[in-house]
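A.B. asks: Sharing a structure here in structure tokens format.
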């Protein structure tokens, strides 16, 4: 089992690319979340960003960049989000693991998009399954389900408005 963990860390950590201004602490937090997310995300390029993208929704934690200029798509983790700050704070032992777990589940969600496309239902199902399997707090699982329901309802409303035109 120990050998497998070392191999996973080697495979997964090679996908981490920190920007020039990223602190070692932020890189370590991301590395911990990637390790927790496990081998299913091996090979997925992940970068940290100190600012959210223009027009991002309030509370943004991560996003997936599409293919551009012949560069592979990548996952971007917002290092200024409340979630990332919580996962980076080892003094908050009561929440630290749960924050790391949620950050890892966010990576699982975005990795699903990276591999399968824009379908939110599938990405949320992967995230919820990960949280459930890893013993996330009931409130975290409920929050992911609520987010899924809101996103899917918004997508359905957009589709209905297009049909009505």
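Please treat every number below as a calculation from the coordinates, not as lab data. Predicted, not measured: the structure shown is a model, and the values here were computed from it. Positions of Cβ are generated from backbone atoms using ideal geometry, with glycine treated the same way; all protein chains shown enter the neighbour counts.
A.B. asks: How many residues are closer than 15 Å to residue 37 by Cβ and within 15 Å of the chain's Cα centre (by Cα) if we restrict to segment 123-133?
C.D. replies: 7
A.B. asks: Further question: Considering every residue within segment 112-121, establish whether at least one is within 16 Å of residue 81 (Cβ to Cβ), touching a strand residue (DSSP E or B) at 6+ places or on another chain (Cβ under 9 Å) and in a helix (DSSP H, G or I).
C.D. replies: no
A.B. asks: So which of 145, 92 is surrounded by fewer than 21 Cβ atoms within 10 Å (Cβ to Cβ), farther than 22 Å from residue 45 by Cα and touching a residue at least 12 places away in the same chain (Cβ under 8 Å)?
C.D. replies: Numbers: 92 fails: touching a residue at least 12 places away in the same chain (Cβ under 8 Å).
Within the list 145, 92, the selection yields 145.
Residues are listed down the side, and each one gets a yes or a no for (1) more than 16 Å from residue 99 (Cβ to Cβ); (2) touching a helix residue (DSSP H, G or I) at 6+ places or on another chain (Cβ under 8 Å); (3) free of Cβ contacts under 8 Å to residues at least 24 places away in the same chain:
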site: 110; (1), (2), (3): yes, yes, no
site: 121; (1), (2), (3): yes, yes, no
site: 128; (1), (2), (3): yes, yes, yes
site: 150; (1), (2), (3): yes, no, yes
site: 155; (1), (2), (3): yes, yes, no
site: 161; (1), (2), (3): yes, no, yes
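A.B. asks: Which one of the conditions (1) closer than 16 Å to residue 44 by Cα; (2) without any contact (Cβ under 8 Å) to a residue 40 or more places away in the chain does residue 99 fail to meet, given that it meets all the rest?
C.D. replies: With respect to (1) closer than 16 Å to residue 44 by Cα; (2) without any contact (Cβ under 8 Å) to a residue 40 or more places away in the chain, residue 99 is out only on (1).
A.B. asks: When residues of segment 24-41 are filtered for being in contact with a helix residue (DSSP H, G or I) (Cβ under 9 Å, 6 or more places away or on another chain) and over 22 Å from residue 130 (Cα atoms), how many remain?
C.D. replies: Initial filter on segment 24-41 (in contact with a helix residue (DSSP H, G or I) (Cβ under 9 Å, 6 or more places away or on another chain)): 26, 29-41.
If we keep only those that are over 22 Å from residue 130 (Cα atoms) too, we end up with 26.
Matching residues across segment 24-41 total 1.
A.B. asks: Working only within segment 62-80, note down all residues that are surrounded by 14 or more Cβ atoms within 10 Å (Cβ to Cβ) and either assigned to a helix (DSSP H, G or I) or free of Cβ contacts under 8 Å to residues at least 24 places away in the same chain (or both).
C.D. replies: Selection gives 65 alone.
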